[in-house]
Amino acid sequence: MQEPGTPWRDNLLQDPLAYVELKWDFVLVCDQKSFDSVEEEKRRKFMSKLELRRFKIKKARDGNKIFYGIRAPSDIFRKYVRLLKNPDHGTQNLNTEHVSETSRIRIIYFILHKTSIETKGQSETLDDLIKSGVFETAFPLHSLEEALGKQLKQKWARWRDVIYIQPVKEIREYFGEKVALYFAWLGWYTLMLFPAALVGIVVFFYGFVHFSSSQISQEICKANTTLMCPLCDQNCPYWPLSETCTYAKVTHLFDNEGTVFFAMFMAVWATVFLELWKRQRARDVFWWNLYSWDEDEEELALELINNPECQIQKHQHSYLRSTLVLLGVAVMIAILIGIAQALVVYRVVVTVAFMRSSWDLLKEHATTAAVMSGAVLHYLTIVIMTKVNRVVSTYLCNLEKPRTFTERENSFTSKVFTFQFVTHFSSLFYVAFFLGRINGHPGNYVRIAGHWRLEECHPSGCITDLFIQMSIIMVLKQTLSNCVEFLSPFICYKLRKIKDRRSRVHSEQGAEDRTMESWKDNYRLGEVHIFSLFDEFLEMVIQYSFTTIFVAAFPLAPLLAFINNMLEIRLDAIKMTRLQRRLVPRKANDIGIWLQVLEGIGVLAVITNGLIIAITSDFIPRLVYKYKYGPCANNDTEIDCLTGYINQSLSIFHTNDFEKLTQVSSLVYPNTTVCRYRDYRTADEEYSYSVQFYHIFAARLVFVIVFEHVAVCIKFIAAWFVPDVPQAVKNRSLEQKHEHLLKELGEMPEENDELSHDSSPYPYRNLLEDLSMIERSTEV
């Protein structure tokens, strides 16, 4: 039944079927309220504003939900074309107003969110009305029943198409350039991971072939009489080095000669990947006619279309706000580092608890179990802090007051990524560069609160601890996160569909309407927000960080990333087309600030991998021993050059020099006078560093300098060798400019048309004679 009192509603309901065949651009949904409620009054004001701008509006009711279909007048799009000189040239799905469907949705979204109403002296936009409950949501409609939508749904958003090339052109025409660039980048990243994964597998199998034949592993496995110092202070026994035989063999899988080559390869790979992506991006945006697209011009055009009398929102900068934001970021980073240190304390305490366990298996592998449980706890902190990081980043971003959406997105991206990076990698940096190096030595241990000793590295090195930590976090993040990312919207959609299966959508006249059913189908889909695509980028860039930064400790990281991304592409496609509402299309000609983030990660990866090989790995100590202290140093090549390395890398400690806090269990090995520990120290009373320690330290320093300089030089050479923009794109751009200038020149009037109609071949002769006469008269 028609409700009186609103002129826009009277106008709309003159002909109930007038707009059934129209294609509606946006749908607004709200809960049904009483006619005299505050919410209903605000809705009437908002709809009246749209109706005054000649928007077509259709209302439908389903239970206690009210749907408003919105369609914009065609003159808005004619203005857009006029101001920006046909910006969608080259797009196939142009409508009668000569703009693409994605531009149409983007323009209407801009106008809807700029439309405001006055309530008690305060201006409220659509976002304010949604926050206050006047409207529940607003979203553009999927067109999956049309040709383009069907093509994407049937040939792209299916698991069976996991190995096929993505239809980037069609994705752009349906979801807009920003989404298309995301999938183009993700596809290119996945393709480039394939050679990196192959090399990683070769490096891994190189270590696997030497799994049991390594000289170091053999020495550890045979060291039955080499007693190691206790691992804790509370009645821990001496233990034979041979107990860690399996651990030593596993360490050799990731700490071998191939590690150096793979780290160098990945440094070059990261550069080549980015350079080739820049070329691919240049090709795409050129054919999309966005090579010289100006975002500020686009924004100003939308502002003028919405309100010709609008005031330009100028750039602003405040040193006070910038200082507050910087302090906020510093405090947040300090908190995240504090959480990482809490994980260190957890591992220390849990290691002691595991060693006291009555379960022999747990007691024997207490250190490994502590590292694994710490990795799981680290993953849980990542899940929790991800939500906290977003809230803090949003607050700091609002404090900056960015001018445009892109500025807001860039500011938000830089802060969230910084916080997420510290959350993910602070614990890994500790394991890689501090574990076992700041714990002191027997007789002078560093303790937490004067009670718990810090962790120690395994006699065969710390790189396996880094591998365990990294692999657990990466596997859990890729499996559990993807399951939640897909199953959560899938289950919610199915539940909503089952709930509404028997309900039927009716317009106000009670006639069954397929258009309303389409609205209801879109309403059932999962909600999206303006940073939905940001979440996908963030997930992939964090994965890229795992794949490059600590790849020297985990050669299989590119393989895991490749497998994950093959599924991630289809997961995102299914989610965007079948489980979520349609994203508001946005124009873009690159991936924005993410490119700078990726380049920064590439530089950090060179530094980190160089430090891992020099500090975390035993590559340098083995090299020094091989050519300075081992049998090969004396030209004895009949035996392996690393023979005796383990004995040389373990220092001697006299048990009578233990501190009072250290209570050793002597039930297994009584009357032990000396024990061994991993370090390069003398056996005198002071336990000072030996000469070998300083040789290794100097070699590590030289290696880091040489490795990083060589890797950086190779990166710069690769970046120079591979142009960012293909020559074909540059030449075609020149041709287009040439054609445009020729056209402009051809439209200029001929010179004779602007002169006098005098048929004399010298049209300026009379004028010159007049000027000469004036000069002579002046002289007289």
Legend entry - Spin-label pair residue 361/residue 716, simplified geometry with 7 Å Cα→Cβ offset, distance in nm: 5.5
Legend entry - Cβ-Cβ FRET estimate between residue 686 and residue 607, R0 fixed at 30 Å, reported to 0.05: 0.30
Inset, instruction - Step through the table entries 79/120; 150/178; 114/587; 401/575; 314/737; 131/155, compare each Cα-Cα distance with 27 Å, and write down the pairs that go over it. - result: 79/120; 401/575; 314/737; 131/155
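Between residue 724 and residue 405, what length comes free when the chain is fully extended (0.36 nm per residue of separation minus the Cα-Cα distance, one decimal in nm)?
Details: separation 319, 0.36 × 319 = 114.84 nm, distance 2.67 nm.
Using 0.36 nm per residue and subtracting the Cα-Cα distance, I get 112.2 nm.
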Legend entry - residue 492-residue 194 pseudo-label distance in nm [points 7 Å out on the Cα-to-Cβ vector]: 3.6
Inset, instruction - Could you give me the percent of Cα pairs per 10 Å distance bin for segment 317-385, shortest bin first, beginning at zero and ending with the bin that holds the maximum distance? - result: 20, 32, 22, 14, 8, 4, 0
Inset, instruction - For an R0 of 60 angstrom, estimate the FRET efficiency from the Cβ-Cβ distance between residue 737 and residue 697 and round to the nearest 0.05. - result: 0.50
Inset, instruction - DSSP loop (so not H, G, I, E, B), at most 12 other Cβ within 10 Å: list which trypsin sites (Lys or Arg not before Pro) in segment 376-411 pass both filters. - result: none
Legend entry - Solvent-accessible heavy-atom area per residue, rounded to whole Å², over the chain at 1.4 Å: 50
Legend entry - By average C-beta atoms within 10 angstrom, highest first, the peptides 707-716, 669-678: 707-716, 669-678
Legend entry - Contour excess over end-to-end distance, with Cα ends at residue 208 and residue 671 and 0.36 nm allotted per residue: 162.7 nm
Legend entry - Built amide H within the under 5 Å cut-off of residue 588, gap 5+: 177, 178
Legend entry - Distance in nm between pseudo-label sites at residue 64 and residue 341 (7 Å out along the Cβ direction from Cα): 5.2
Inset, instruction - Heavy atoms only, probe 1.4 Å: what % of the accessible area of the chain goes to carbon and sulfur, would you let me know? - result: 60
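What trypsin sites (Lys or Arg not before Pro) does segment 155-194 have in DSSP loop regions with at most 16 other beta carbons within 10 Å?
Counting only loop positions with at most 16 other Cβ atoms within 10 Å, the trypsin sites (Lys or Arg not before Pro) in segment 155-194 are 158.
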Legend entry - Using alpha carbons only: equivalent-ellipsoid semi-axes of segment 116-199, gyration tensor based, whole Å: 40, 18, 11
Inset, instruction - Please give the peptides 547-553, 731-737, 216-222 ranked by average Cβ packing (other Cβ atoms within 10 Å per residue), highest first, as a rough proxy for protection. - result: 547-553, 216-222, 731-737
Legend entry - Net length gained if the chain between residue 391 and residue 479 were fully extended (0.36 nm per residue, minus Cα distance): 29.2 nm
Inset, instruction - Using packing as a proxy for protection, rank 441-448, 261-268 so that the peptide with the highest average count of other Cβ atoms within 10 Å comes first. - result: 261-268, 441-448
Inset, instruction - Under a cut-off of 17 Å between alpha-carbon atoms, report the lysines in cross-link reach of residue 477, not counting same-chain residues fewer than 8 places apart. - result: 387
Inset, instruction - Give me the angle, in degrees from 0 to 90, between the Cα long axis of helix 691-721 and the longest principal axis of the Cα atoms of the chain, rounded to the nearest 10. - result: 20
Inset, instruction - Set the Förster radius R0 to 56 Å, insert the Cβ-Cβ distance between residue 434 and residue 745 as r into 1/(1 + (r/R0)^6), and round the FRET efficiency to 0.05. - result: 0.25
Inset, instruction - Give me the angle, in degrees from 0 to 90, between the Cα long axis of helix 295-306 and the longest principal axis of the Cα atoms of the chain, rounded to the nearest 10. - result: 40
Inset, instruction - Count neighbours as other Cβ atoms within 10 Å of each site's Cβ, and list the GluC sites (Glu not before Pro) in segment 527-610 that are DSSP loop with at most 13 such neighbours. - result: 527
Inset, instruction - Would you please give the residues with an amide H less than 5 Å from that of residue 26, counting only those at least 5 places away or on a separate chain, with H modeled from the backbone geometry? - result: 70
Inset, instruction - Sort largest first and round to whole Å: the equivalent ellipsoid semi-axes of the chain, each the square root of five times a Cα gyration tensor eigenvalue. - result: 64, 37, 24
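The values are calculated or read from the model by the stated rules, or taken from the named source; none is laboratory data. Computed from a predicted structure; not experimentally measured. Note that each Cβ is placed from the backbone with ideal geometry, even for glycine, and that neighbours are counted across all protein chains shown. Side chains are part of the model used for accessible areas, which takes the heavy atoms of the whole protein and leaves out ligands, DNA and RNA. Shrake-Rupley method; radii C 1.70, N 1.55, O 1.52, S 1.80 Å.
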